[in-house]
Amino acid sequence: MTFLYFAWVRERIGYGREVHALPDGIETLGALLDWLALRSTGHEDALKDRAKLRFAINQTYAFAESPVGDKDEIAIFPPVTGG
Amino acid sequence: MAIVRVQSAPFDPTAEIHALSGEKDDTGGLVTFQGLVRATDKSRRIESLTLEHYPGMTEHVLQNIADTAESRFSLHRCLVIHRYGRMLPGETIVLVATASAHRKAAFDGACYIMDRLKTDVPFWKFEESNDGRGHWVEAKLSDSKAAERWQT
């Protein structure tokens, strides 16, 4: 699965894209984020306040209980500020 | 379908608006909104504004919002152009133009598009001030509230 990071999420993690196999036993976005937060201090810092983040799976907004699959594109970003 | 473009290149809002006019005989109202890069924000002078986006998701979320507006407000024409990349004070970030038989639909359609764009379309603004500092602009609660009023 592909992980994409934007804005300050990308800055805190240190890069904007990474690829991992879906870890065993993980079925929801919430569980996936818990796993992701352990990967580095940058990941932990970026993910520490989930209320300040928004998520998309395959370019559709998603939530903690959304199911995740091995071929998914997961995006993590701050609330949007376009316009 | 609404005409929606997400691009880094600057554009001429006047030319784009002109191209929309005269599409249908019974178009009685044309509303346009331009979002601009401010030169100052409170006491800060702004050097530049850079918009990051999510290629793929940005386009289809914006297209969906514009198409919904076209249908919901019976718009004759709907155009949204939104730039990404680095921009300077005075430049146009976004143009929304809506055309309808009467003014209420055109005004409501343009408002709807802007309110939903502000809360749903993946863009993130990075503002550089002339003191060399930069920061990511934060989303505003007032924008979420504005989007809520369109929920049926």
(request) Filter segment B:109-141 for residues that are touching a Lys or Arg at 6+ places or on another chain (Cβ under 9 Å) and among the polar types (S, T, N, Q) and give the result. (result) B:129, B:130
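Please tell me if residue B:36 is out of contact with any helix residue (DSSP H, G or I) (no Cβ under 7 Å at 6 or more places or on another chain) and of a type outside the set (Phe, Trp, Tyr).
Yes, satisfied.
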(message) For segment B:2-38, which positions are open to solvent by less than 70 Å² (accessible area, probe 1.4 Å), within 20 Å of residue B:88 (Cα to Cα) and part of a loop (DSSP other than H, G, I, E, B)?
(response) B:8, B:9, B:11, B:37
(message) Here are the criteria: (1) on the phi > 0 side of the Ramachandran plot; (2) exposed (fewer than 13 other Cβ atoms within 10 Å of the Cβ). Tell me which single one residue A:58 does not satisfy.
(response) (2)
(message) Can you tell me which of (1) among the acidic types (Asp, Glu); (2) under 24 Å from residue B:19 (Cβ atoms); (3) more than 10 Å from chain A (Cβ to nearest Cβ) is the one residue B:59 doesn't meet?
(response) (3)
(request) Pick out the one residue from B:106, B:147, B:97 that is more than 9 Å from chain A (Cβ to nearest Cβ), of a type in the set (A, V, I, L, M, F, W, C) and in contact with a Lys or Arg (Cβ under 6 Å, 6 or more places away or on another chain). (result) B:147
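Going through segment B:70-94 one residue at a time, which ones are within 11 Å of another protein chain (Cβ to nearest Cβ) and in contact with a Gly (Cβ under 7 Å, 6 or more places away or on another chain)? Don't jump to the end; show me each part of the working.
Kept after step one, since they are within 11 Å of another protein chain (Cβ to nearest Cβ), are these residues of segment B:70-94: B:80, B:82-84, B:93-94.
Of everything in segment B:70-94, those that are within 11 Å of another protein chain (Cβ to nearest Cβ) and in contact with a Gly (Cβ under 7 Å, 6 or more places away or on another chain) turn out to be B:82, B:93, B:94.
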(request) Would you mind telling me which numbered condition in (1) within 14 Å of another protein chain (Cβ to nearest Cβ); (2) open to solvent by less than 40 Å² (accessible area, probe 1.4 Å); (3) modelled with pLDDT of 95 or more residue B:41 fails? (result) (3)
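Rundown of residues vs (1) buried (at least 17 other Cβ atoms within 10 Å of the Cβ); (2) assigned to a helix (DSSP H, G or I); (3) modelled with pLDDT of 90 or more, yes/no style:
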{"position": "B:98", "(1), (2), (3)": "yes, no, yes"}
{"position": "B:108", "(1), (2), (3)": "yes, yes, yes"}
{"position": "B:113", "(1), (2), (3)": "yes, yes, yes"}
{"position": "B:119", "(1), (2), (3)": "yes, yes, yes"}
{"position": "B:132", "(1), (2), (3)": "no, no, no"}
{"position": "B:142", "(1), (2), (3)": "no, yes, no"}
{"position": "B:145", "(1), (2), (3)": "no, yes, no"}
{"position": "B:150", "(1), (2), (3)": "no, no, no"}
(message) Suppose we filter A:72, A:49, A:34 for residues that are surrounded by 16 or more Cβ atoms within 10 Å (Cβ to Cβ) and more than 17 Å from residue B:58 (Cα to Cα); which single one remains?
(response) A:72
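The values are calculated or read from the model by the stated rules, or taken from the named source; none is laboratory data. Small disclaimer: the values here were computed from a predicted structure and weren't measured. A quick note on method: Cβ atoms are made from the backbone with ideal geometry, for glycine too, and the neighbour counts reach across all protein chains shown. Just the protein is used for accessible areas: all its heavy atoms, side chains included, with ligands, DNA and RNA removed. Shrake-Rupley method; radii C 1.70, N 1.55, O 1.52, S 1.80 Å.
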